[in-house]
Structures are given as C-alpha cells and as structure tokens.
Amino acid sequence: MWTWFYKLASPPHVYAAAGALTPWFAVSAAAAIGYGLVGGLVFAPPDYQQGDAFRIIYVHVPSAWMSLFGYTSMAVAGAIALIWRIKIGHAVAAATAPIGASFTVLALVTGSLWGRPMWGTYWAWDPRLTSELILLFLYAGVMSLRSAFEDPARGDRAAALLGIVGLVNVPIIHYSVVWWNSLHQAATVAKFGKPDMVGSMLWPLLSMFLGFMLFHGAVLCMRLQGEVLNRERQAKWVREAITA
Amino acid sequence: MTPNGFWSMGGYARFVWPCFALAAFVLAWNVWSASRYRAAARTRARRALAMAAGGHA
C-alpha cells in the first residue's frame, strides 16, 4: 500500500493528474457558482431582518469556509511532507497558501461590508473577526518564511512547521462565536441536525460553497503544476512533460 | 424581483454589489496568477533543459 501511495504522490504522476483534473474542476465550478449566483441574487427571498443585505453571505460564507479549508489542507500537506518525507506535500502546501490567503482577504472585506449596515461599523475587535485576521497574518507568515531561506528545503520545513503550529487558530475561529460574546452571528448552516435557513436560501449557498471548493481545486491544480516544475526542472520526466 | 429592485438591493446596493465585484476580482486574480505562475515555471524548465542540452553538446 505504501508503494502505491508513494507512486501516487510522485511528481510526474501529480503533474499529469493536475493537468487532467483542471478543466473538470473549472467547468464544474463555473456551473455551481452560476447556479448559486442566480439562486442567491434572484430567487432567494430577502431576509426578514437583514433585507437584501443578507445576500452578501453568498460570497462571504463560502470564502470564509475556504479560508479555513485552505489553511487546514496547507497544514496537513506540510505535516505529511515532514512526517513521511513525501516532498510533493511541500509543493501542495506552497500552492495552497496564496489561494487560501486570497479567500481570507475576501472573507474579511465582505464581512466588513456586511457589518457596516448590520452593526453600524466596518470593523470591531470581535473574537471572530480578530481570529480571522490572525489567519491572514499566518498565511502571510507561512509564505514569507518559505521564501526567506536560501535553501528551499529549509524554507519548506520552516513553513510547514509554522503552518502546523498555526492550525490551532482554525478551531478558535470556528468556535469563537460559541466561546466568547461575539457580534458575529452563530452558525446557521454548519449545524448538526437542521440548519436555520429555508431551502431557497440554503441551496444557493451550498452551491456557492461547492463552486468555491471546485474553483479552489482548479486553481490549486494549475499552481501545483508550476510548483512541481519549479522543483523538478532538472528531472528527466520534465522534458517529456513540457514538450508533450 | 423587478429590475430596479434587483439593482437597488432594497437600499443595500452599495454594500452588496462591491462584495460580488470583489469576489469576481479575487476569482479572476487567482486564475490569472496561477496560469502566469505555471507558464513562468514552464519557461524556466524549458530554459534549464536547453542549457543542459547545450552543455552536453
């Protein structure tokens, strides 16, 4: 089984698989985001308290989820690379970081734009907002640390370690609205049992989430191909791959 | 929903539309950045291969 796993994670295999998966992810993402946008902006009724401002959730919530998913997958990929010395893990972690950071910026700015009409302010040092901002700093730290070393292998290891340490912030973000008094509303979708949303609002949101996930997959595959080429440019298989 | 109601977003247009515009920008930036990164890596790999072939000749 380990032989199969190592073969699966070999750079030529990952490069080819990423290239083959990219169009599938991209087309599925476009369909899911298209459905989510039409459902969320046109067919979902206005919220009885927030009016049409609630429609911001169709980009805010999926981007916030993606910021956490991106960080978790980056840390797990780094851990796999450190523990089992599977070097493709570092490439996955390096490719994931800028995507996750961009979704974190999107979550923070859209949350701020939602906060102005609902809370009367663009920013508050609220536990959820502050921990999400710390997540952005962690992404920036991981990316900076990776490029701060002359030896790329040392940069990879240092970035993976920081990524793993920073993983402690992910449950803090998720449970901040439960553990502390927060302006931010509690979970309405990610609840075990019945979500507090009607179907006409919920389905477009889930579709946007799926679309953002697939989009993340498409962009990750593209970046991963570049990352693998940068790391393996002296390898024999690269000649065949880039002339194919 | 009427066209006017759609664009005015019940008076919240100046908050709602910038969010969707920023989301479109972030998604477009990701695609542009990733394809540029991959293209640059391919160019570097081709150059490295050409140099290696030149060295052996």
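Quick check on the range A:202-244: of everything there that is without any contact (Cβ under 8 Å) to a residue 24 or more places away in the chain and not in a helix (DSSP H, G or I), which residue is farthest from A:Lys87 (Cα to Cα)?
Out of the qualifying residues, it is A:Ala244.
If we keep just the residues of the range B:34-53 that are facing chain A (nearest Cβ under 7 Å) and not hydrophobic (A, V, I, L, M, F, W, C), which is nearest to A:Asp47 (Cα to Cα)?
Restricting to residues being facing chain A (nearest Cβ under 7 Å) and not hydrophobic (A, V, I, L, M, F, W, C), the top hit is B:Ser35.
Which residues, counting only those in the range A:3-27, are over 20 Å from A:His216 (Cβ atoms) and either among the β-branched types (Val, Ile, Thr) or touching a strand residue (DSSP E or B) at 6+ places or on another chain (Cβ under 7 Å) (or both)?
Correct list: A:Thr3 only.
Where residues in the range A:14-46 are outside any helix (DSSP H, G or I) and surrounded by fewer than 21 Cβ atoms within 10 Å (Cβ to Cβ), which of them is modelled with the lowest pLDDT?
Ranking the qualifying residues of the range A:14-46, first place goes to A:Pro46.
Does A:Thr3 meet the test of being in a helix (DSSP H, G or I), surrounded by fewer than 16 Cβ atoms within 10 Å (Cβ to Cβ) and hydroxyl-bearing (Ser, Thr, Tyr)?
yes
Considering the range B:10-32 alone, what residues qualify as being over 21 Å from A:Asp47 (Cα atoms) and facing chain A (nearest Cβ under 7 Å)? Explain how you work it out, then say what you get.
The first filter runs over the range B:10-32 and keeps only residues over 21 Å from A:Asp47 (Cα atoms), leaving B:21-32.
Matches in the range B:10-32: B:Leu22, B:Ala23, B:Val26, B:Leu27, B:Trp29, B:Asn30, B:Val31.
When the residues of the range A:47-59 are filtered to those that are facing another protein chain (nearest Cβ under 7 Å) and buried (at least 24 other Cβ atoms within 10 Å of the Cβ), which remaining residue is farthest from B:Val16 (Cα to Cα)?
The qualifying residue farthest from B:Val16 (Cα to Cα) is A:Val59.
Between a first residue in the range A:139-151 that is free of Cβ contacts under 8 Å to residues at least 40 places away in the same chain and a second residue that is surrounded by 13 or more Cβ atoms within 10 Å (Cβ to Cβ), which pairs have beta carbons less than 6 Å apart while being 6 or more apart in sequence or on different chains?
A:Gly141/A:Leu162; A:Leu145/A:Ala158; A:Leu145/A:Ala159; A:Leu145/A:Leu162; A:Phe149/A:Gly155
The values are calculated or read from the model by the stated rules, or taken from the named source; none is laboratory data. All values reported here derive from a predicted model rather than from experimental measurement. Note that we place each Cβ from the backbone using ideal geometry, even for glycine, and neighbour counts take in every protein chain shown.
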